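J.: So that we are looking at the same thing, I have put the structure below in structure tokens.
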Amino acid sequence: MKNLLYILSLSLLFSCHNQAQENPKQQEVINAEPIEVPLQDGKARAYFASGCFWCVEAIYESVKGVDQVISGYSGGFTENPTYEQSNTGRTRHAEAVEVIYDPEVVSFATLVDVYFGSQNPTQVNGQGPDRGSQYRSIIFYQNDEQKKIIEVKKAALAKELDAKIAAEIYPFQKFWVAEDYHQDYEKRHPNQGYIRNVSIPRLNRFKAKFPDILKKDEQH
């Protein structure tokens, strides 16, 4: 999934990014009214993009109150995107996750803290070795209350770090579920090279920062 081809083609991906910003379809996504996902069986849903979805899925699955995390694509304008299409940068989708959680146990605000606390918040168009618009950071809101929470936390972090925070703030529109082989990838492939060297270390850094919100079986 993560190989030198994308790193070597970084300049092309930045070019795609710049061209896509001028695409009226992408402006429609950015300027759209947010879609609010109703509670289902008492569970809410939240959507985040923060680099490789393998990494982000594992991070949110370790959080108390989170029932399930699904890897997919969001933030672009292409219908039914595939992994191969997303990796060109031309769909404008980012690798994203759908977090299904119990709002009586964990709040949306806490999930936003997890988001900012589990990444390099100043890295533009990627996380760690994963570079390109498909790995950019986006945090999605479904209503004005969520948007305000995100904006306040982003501004506070920018002040704390005295730096520009890279995360884009988008109205939620649509989440496309990724191919089956991407789901629970870290759990199913713990010895895969990228998982060993990038994903698991990122998860462990997060756990060290947020021990109080981890599920019991993650507290070690």
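Readers should treat all values here as calculations from the given coordinates under stated rules, not as data from a laboratory. Computed from a predicted model, the values in this text were never measured in an experiment. Glycine also receives a Cβ, built like all others from the backbone with ideal geometry; neighbour counts cover every protein chain displayed.
J.: Sort the chain into rounded, prolate or oblate with this rule: let a ≥ b ≥ c be the square roots of the eigenvalues of the Cα gyration tensor; rounded if a/c is under 1.5, and if a/c is not under 1.5, prolate when a/b is larger than b/c, oblate otherwise.
T.: Details: a/c = 1.38, a/b = 1.13, b/c = 1.21.
Rounded.
J.: Classify the stretch 146-220 as rounded, prolate or oblate, taking a ≥ b ≥ c as the square roots of the eigenvalues of its Cα gyration tensor: rounded when a/c is under 1.5, otherwise prolate if a/b is larger than b/c and oblate if not.
T.: On the way: a/c = 2.02, a/b = 1.38, b/c = 1.46.
Oblate, because a/c is 1.5 or more while a/b does not exceed b/c.
J.: OK, next. Whole-Hz ³J(HN,Hα) for each residue in the stretch 85-96, computed from phi via Karplus 6.51 cos²θ - 1.76 cosθ + 1.60 with θ = phi - 60°, x for glycine and proline: what do you get?
T.: 5, 4, 5, 6, x, 7, 7, 6, 6, 10, 5, 9
J.: Turning to a different aspect of this structure: Can you give the net charge of the other residues whose Cβ lies under 12 Å from the Cβ of S133, counting K and R as +1 and D and E as -1?
T.: Working: positive: R90, R92, R131, R136; negative: E95, D130, E168.
Surrounding charge for S133 is +1.
J.: Contour minus end-to-end for A208 and N23, with contour as 0.36 nm per residue of separation and end-to-end as the Cα-Cα distance?
T.: So the chain would gain 62.5 nm between A208 and N23.
J.: Ordered by packing density, taken as the mean number of other Cβ atoms within 10 Å over each peptide's residues, highest first, how do 85-93, 137-145 rank?
T.: Values: 85-93: 21.9, 137-145: 19.2.
Highest to lowest by the protection proxy: 85-93, 137-145.
J.: On the first, second and third principal axes, largest extent first, how far apart are the outermost C-alpha atoms of the stretch 74-152 in Å?
T.: Sorted from largest, the Cα extents of the stretch 74-152 read 38, 27, 20 Å.
J.: Another one. Provide E84, E95 in ascending order of the number of other Cβ atoms located within 10 Å of each residue's Cβ, fewest first.
T.: E84, E95
J.: Can I ask one more? Can you compute the helix-only [θ] at 222 nm over the chain? Use -39500 (n - 2.57) per DSSP H run of at least 4 residues, normalise by all residues, nearest 500 deg cm²/dmol. Mind dumping the intermediate values first?
T.: Working: 9 runs with 80 residues, N = 220.
Result for the chain: -10000 deg cm²/dmol, rounded to the nearest 500.
J.: So which trypsin sites (Lys or Arg not before Pro) in the stretch 97-173 end up in coil per DSSP with only 14 or fewer other C-beta atoms within 10 Å?
T.: The qualifying sites are K164.
J.: Which of the lysines could be linked to K187 by a straight reach, that is with a Cα gap under 28 Å, when you skip same-chain ones fewer than 8 residues away?
T.: Leaving aside lysines fewer than 8 places away in the same chain, those within reach of K187 are K2, K43, K64, K174, K207, K209, K215, K216.
J.: Where does each of D113, D212, D67 land when they are ranked from fewest to most other beta-carbon atoms within 10 angstrom?
T.: D212, D67, D113
J.: Same structure, new question: Using a Förster distance of 30 angstrom, determine the FRET efficiency expected from the C-beta separation of I30 and A109, and round it to 0.05.
T.: On the way: r = 23 Å, r/R0 = 0.78.
Once rounded, the FRET efficiency stands at 0.80.
J.: What residues qualify as long-range amide H neighbours of I165, i.e. H under 5 Å apart, gap of 5 or more or another chain, H built at 1.01 Å from N?
T.: Distant-sequence amide H within range of I165: zero hits.
J.: Hey, another quick one. Give the separation of the Cα centroids, the stretch 59-91 to the stretch 162-202, in Å.
T.: For the stretch 59-91 versus the stretch 162-202, the Cα centre distance is 8 Å.
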